[in-house]
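Since the structure comes first, as structure tokens, the remarks are kept for the end.
Derivation of every value follows stated rules applied to the coordinates shown; laboratory data play no part. What you see is a predicted model; the values in this text were computed from it and never measured. Glycine gets a Cβ as well: all are built from the backbone with ideal geometry, and neighbour counts include every protein chain shown.
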Amino acid sequence: FIEHELELLARKNSTASGEKKQTAQQKANEEIKKGILECMEPNRYYTITEMQKEFPCCKEMSNQRVSSLVRQMKDEGLVIRTEDKKKALFHKA
């Protein structure tokens, strides 16, 4: 019994420390993030709503989903967030 439990712990630890496989949704989100970066012009600031209207990859998405993806991009250092009169603006890093 103890050997079996140790084996289960070893498996759990090996998956926790190693790279986890991305789900289909995570892979799709990565592609959307690439699309957002490609659509962004240098030295131009965008609101989430502008991204939704102007970028083909964001047209069918909700404001919350675009915001979530852009926040992830900000955390990865791909996008810089600034505020102007309480409005969040984003541009390429």
Computed for the chain: size of charge dipole around the Cα centre, +1 on C-beta of each Lys and Arg, -1 on C-beta of each Asp and Glu, debye to nearest 20, value 420
All aspartates and glutamates inside 13 Å of residue 59 as judged from Cα atoms, apart from same-chain residues fewer than 8 positions distant: 50
On Cα atoms only, tilt of 2-17 relative to the major axis of the chain in degrees: 20
Where in region 60-88 is the amide nitrogen less than 19 Å from a point lying 7 Å along the Cα-to-Cβ axis of residue 25? 60-73
Dividing the alpha-carbon radius of gyration of region 26-93 by 2.2 N^0.38 Å, where N counts its residues, gives 0.99
Counting other Cβ atoms within 10 Å of each Cβ, which GluC sites (Glu not before Pro) in region 21-93 have at most 14 and sit in a DSSP loop? 60, 76
Given H placed 1.01 Å from N in the peptide plane, which residues other than close sequence neighbours of residue 88 have an amide H under 5 Å from its amide H? none
Can you tell me the length gained on complete extension of the stretch residue 53 to residue 76, counting 0.36 nm per residue apart and subtracting the Cα distance? 5.9 nm
Could you give me the ³J(HN,Hα) list for region 26-35, computed from phi with Karplus coefficients 6.51, -1.76, 1.60 and θ = phi - 60°, whole Hz, x at Gly and Pro? 5, 5, 5, 4, 4, 5, 5, 4, 4, x
Exceeding the 28 Å Cα-Cα cut-off - candidates 21/87; 27/53; 53/86; 53/92: 21/87
Whats the longest run of the chain with zero trypsin sites (Lys or Arg not before Pro) that are DSSP loop and have at most 11 other Cβ atoms within 10 Å? 60-84
